[in-house]
Amino acid sequence: VMLEDAPITFDDQMFFTYEVTDNTNIAVIEGKEPNRFLYALYGKDSVFNYQAMGYNQVNYTQLKQCEGIVLSEVPSISSGLADELTKFVKGGGTLLVFPPKELDKSYSQFLSSLNVGTFGSLTKKELKGGNINMESLYFKGALESQNDKLDMPVTLQHYEISGGSGSEVIMSLENGSPLLSSYSAEKGKVILSAVAMNDEFGSAHRHALFFVPLHNIGIM
């Protein structure tokens with residue numbers, strides 16, 4: 001990078017380096033059942049090294065080798081898993097969370113400890129997707145424009161997401177509630193989805209507009 005600010009010239013040139021890897025290591029910690037939509041998104045793409053494991057059979061050694069971890073409808077976050085995920089996020093990892101149909105208090109305890117948003121009440125109401133944050137890193141350049149004719153996903157129920165600091169709404173619903181939100185947590189990121197990847201929550205998990213940021217989250 002070069003900039004001119006004469007007469008001071010000794011610091012006009014700056015150099016930086018970064019590593020480009022061939023693959024991203026992603027682990028999906030699954031709830032009671034495997035999620036075929038997450039497998040289709042990450043497991044069949046050569047960009048990702050995909051590893052799935054049950055929530056009661058977590059391989060902590062493999063988690064330490066990952067850049068991205070996905071919680072998919074995990075019923076409860078144990079204290080041991082919470083400790084490992086906290087270290088992972090604060091060390092620079094990205095955690096993507098899809099909530100289960102029934103939340104317990106371990107979620108709010110874990111997310112609050114990272115000072116990020118938490119899941120609130122479950123709203124059972126049909127809503128269409130509302131706004132796409134075209135300036136988000138996870139969408140920027142993916143769409144030419146956003147207009148009223150754009151086909152949007154539909155949710156049948158969703159969790160309210162609120163609180164936390166350093167937040168960015170990636171996608172929202174037509175009533176303004178976040179559908180997908182990103183939070184900074186020290187060196188890492190926590191990304192919360194208001195819906196799970198199944199038909200009970202609507203059509204987001206089958207929709208291309210929802211897959212675009214999820215794919216980019218994995219890459220980045």
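One table, with the values for the structure above:
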{"quantity": "Cα lying deepest toward the dipole's positive end in the stretch 81-206, options 130, 156, 91, charges on Cβ", "calculated": "91"}
{"quantity": "Derived scalar couplings ³J(HN,Hα) [the stretch 26-43; Karplus, 6.51 cos²θ - 1.76 cosθ + 1.60; whole Hz; x for Gly, Pro]", "calculated": "10, 10, 10, 8, 9, x, 6, 9, x, 10, 6, 6, 5, 5, 5, 6, 10, x"}
{"quantity": "Cross-link pairs beyond the 20 Å C-alpha cut-off, checked among 105/125; 44/90; 64/189; 101/125", "calculated": "105/125; 44/90"}
{"quantity": "The chain: translational diffusion in µm²/s, Stokes-Einstein, Kirkwood Rh over Cα pairs, 10 °C, 1.306 mPa s", "calculated": "87 µm²/s"}
{"quantity": "Electrostatic dipole magnitude of the chain [Cβ: Lys, Arg +1; Asp, Glu -1; Cα centre; debye, to 20]", "calculated": "740 debye"}
{"quantity": "FRET efficiency, residue 162 to residue 65 (Cβ-Cβ, R0 41 Å, nearest 0.05)", "calculated": "0.80"}
{"quantity": "Viscosity 1.306 mPa s, temperature 10 °C, Stokes-Einstein D of the stretch 31-81 from Kirkwood C-alpha radius, µm²/s", "calculated": "133 µm²/s"}
{"quantity": "About the Cα centre, charge dipole magnitude for the stretch 1-130 (Lys/Arg +1, Asp/Glu -1 at Cβ), debye", "calculated": "900 debye"}
{"quantity": "Per residue accessible area of the chain, 1.4 Å probe, in Å²", "calculated": "54 Å²"}
{"quantity": "Normalised convex hull volume, the stretch 113-220, alpha-carbon set, Å³ per residue", "calculated": "102 Å³"}
{"quantity": "Mean Cβ count within 10 Å, highest first, over the residues of peptides 84-97, 190-203, 17-30", "calculated": "190-203, 84-97, 17-30"}
{"quantity": "Cα gyration tensor category, rounded, prolate or oblate, for the stretch 1-128 with a/c compared to 1.5", "calculated": "prolate"}
{"quantity": "Pairwise FRET efficiency - residue 203 versus residue 45, Cβ, R0 = 22 Å, nearest 0.05", "calculated": "0.55"}
{"quantity": "The stretch 84-151 - convex hull of the alpha-carbon atoms, volume per residue in Å³", "calculated": "136 Å³"}
{"quantity": "The chain - percent of accessible surface contributed by carbon and sulfur, probe 1.4 Å", "calculated": "48 percent"}
{"quantity": "Residue 140-residue 186 pseudo-label distance in nm [points 7 Å out on the Cα-to-Cβ vector]", "calculated": "2.6 nm"}
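The values are calculated or read from the model by the stated rules, or taken from the named source; none is laboratory data. Please read these numbers as outputs of a predicted model, since none were measured by experiment. Ideal geometry is used to build each Cβ from the backbone, glycine not excepted, and the neighbour counts take in all protein chains shown. SASA here: full protein model, heavy atoms, side chains in, ligands and nucleic acids out. Shrake-Rupley method; radii C 1.70, N 1.55, O 1.52, S 1.80 Å.
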